[in-house]
1. Name, by its number, the condition in (1) surrounded by 12 or more Cβ atoms within 10 Å (Cβ to Cβ); (2) in a loop (DSSP other than H, G, I, E, B); (3) modelled with pLDDT under 75 that does not hold for residue 127.
2. Applying the selection to the stretch 305-320, what residues are out of contact with any helix residue (DSSP H, G or I) (no Cβ under 8 Å at 6 or more places or on another chain) and either part of a helix (DSSP H, G or I) or within 13 Å of residue 269 (Cβ to Cβ) (or both)?
3. Have a look at 431, 426 and point out the one that is surrounded by 14 or more Cβ atoms within 10 Å (Cβ to Cβ), assigned by TED's automatic domain parsing to the domain that holds residue 347 and without any contact (Cβ under 8 Å) to a residue 24 or more places away in the chain.
4. Out of (1) more than 29 Å from the chain's Cα centre (by Cα); (2) modelled with pLDDT of 95 or more, the odd one out for residue 78 is which?
5. Of all residues in the stretch 274-299, which are out of contact with any strand residue (DSSP E or B) (no Cβ under 9 Å at 6 or more places or on another chain) and in a helix (DSSP H, G or I)?
6. So which residues in the stretch 381-396 are assigned to a helix (DSSP H, G or I) and over 20 Å from residue 431 (Cβ atoms), if there are any at all?
7. Could you say which residue among 396, 389 is touching a residue at least 24 places away in the same chain (Cβ under 8 Å) and out of contact with any strand residue (DSSP E or B) (no Cβ under 9 Å at 6 or more places or on another chain)?
8. Could you count how many residues in the stretch 397-416 are surrounded by fewer than 17 Cβ atoms within 10 Å (Cβ to Cβ) and not in a helix (DSSP H, G or I)?
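The values are calculated or read from the model by the stated rules, or taken from the named source; none is laboratory data. Note that the structure is a prediction, hence the values are computed from the model and not measured. When we count neighbours, we look across all protein chains shown, and the Cβ atoms used for this are built from the backbone with ideal geometry, even at glycine.
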């Protein structure tokens, strides 16, 4: 019999702990996601034909089923198939009657998994030391005989993260502590793996999110050995860039286009469109500064300058570019990290994408060192997927510019100003592997636009 968490990353790291007869403790503050975690495990195993007995002293059935449905967990369906049983035990029962009731339910239903939500309500009314020890032993041996899986949910008071479960903590095979805190005015969720018996993993804490239609998602940092050495080689479609020493890039490359906040250029989208058109690629654009419709209108303006009709250009955008907007001040960094990875995974599964574009990363780069940690892990995940990343950012300060450059394989830096009596612009350009960076003049930047227009007329018009 094989049990699963139903969360891919946890199954990859800790699958060995879910053995028949295991005891799992899920602890956390009220509202931290404990019930969602336990229900996720129950539902995922129910989909594999294993029965769960969910015993609660606090949850309302209608409310629980409704909330879980919003997360893509359909408890009514597995209940109709006899794979999930919800039981609410009245708190008015004394402890021995409660235990007798639980034993009868197990005997009648014969579950593979028993969830008790929460054990605090049972332990609260037990003062005598011997009686508490007896109760704790009962929890530990709940499904030992039947070789099932026991999940205990424990409430932690606000401001405390220490468990007070006595011997349960010592005999538990795994203890997961779900935490949430306030960062500025946004919610931060993390999961601490306090104990996992028999697991070689050294990760002890990482972010998670609870997403509508998706459920609970965790985001541990990737291992470097999981990252491909070098992705597929992709020809750079612009002659001027090839002449400057950038003949090709690889899937998994990170391209950073930096520009002054008062002189934001259309060139990064010109470069993006060149790749999409020349190679028949698709892109997901995540914008932090503008609504989705404004970004699409901006891209449409670049395309229609080639002389192609608005209808043809709109069709190209609809077929090849997905735009999503995120307000970076409405979420914590860990939430943004989770939302973005979920967006990327959804687009990969729905219609294969080759590029991810982030515009404008200058807005979010000011969120401090915590952002840089999440960024480094996120880019490793994208590299693992073989995605090319284009990050467009206003230069808010030298530190952020250098930090963003450090994690990039290609850097463009747009400059403008007076040269004698002539106002002009230039583009600093560097690619990993080049001996020295180079400079593109204003005329050479204009040639990028001309080459894009040629590609549009040759490749897009021929398809119509």
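1. Exception for residue 127: condition (1).
2. Going residue by residue through the stretch 305-320, those that are out of contact with any helix residue (DSSP H, G or I) (no Cβ under 8 Å at 6 or more places or on another chain) are 309, 311, 315, 318-319.
Once the filter is applied, which keeps residues that are out of contact with any helix residue (DSSP H, G or I) (no Cβ under 8 Å at 6 or more places or on another chain) and either part of a helix (DSSP H, G or I) or within 13 Å of residue 269 (Cβ to Cβ) (or both), the stretch 305-320 yields 311, 315, 318, 319.
3. Values: 431 fails: without any contact (Cβ under 8 Å) to a residue 24 or more places away in the chain.
From the options 431, 426, the qualifying one is 426.
4. Only one criterion in (1) more than 29 Å from the chain's Cα centre (by Cα); (2) modelled with pLDDT of 95 or more is unmet by residue 78, namely (1).
5. Residues of the stretch 274-299 out of contact with any strand residue (DSSP E or B) (no Cβ under 9 Å at 6 or more places or on another chain): 274, 277, 280, 297-298.
Within the stretch 274-299, 274, 277, 297, 298 qualify.
6. Hits for the stretch 381-396 are 381, 384, 385.
7. Values: 389 fails: out of contact with any strand residue (DSSP E or B) (no Cβ under 9 Å at 6 or more places or on another chain).
Testing whether each residue is touching a residue at least 24 places away in the same chain (Cβ under 8 Å) and out of contact with any strand residue (DSSP E or B) (no Cβ under 9 Å at 6 or more places or on another chain) leaves just 396.
8. Matching residues across the stretch 397-416 total 4.
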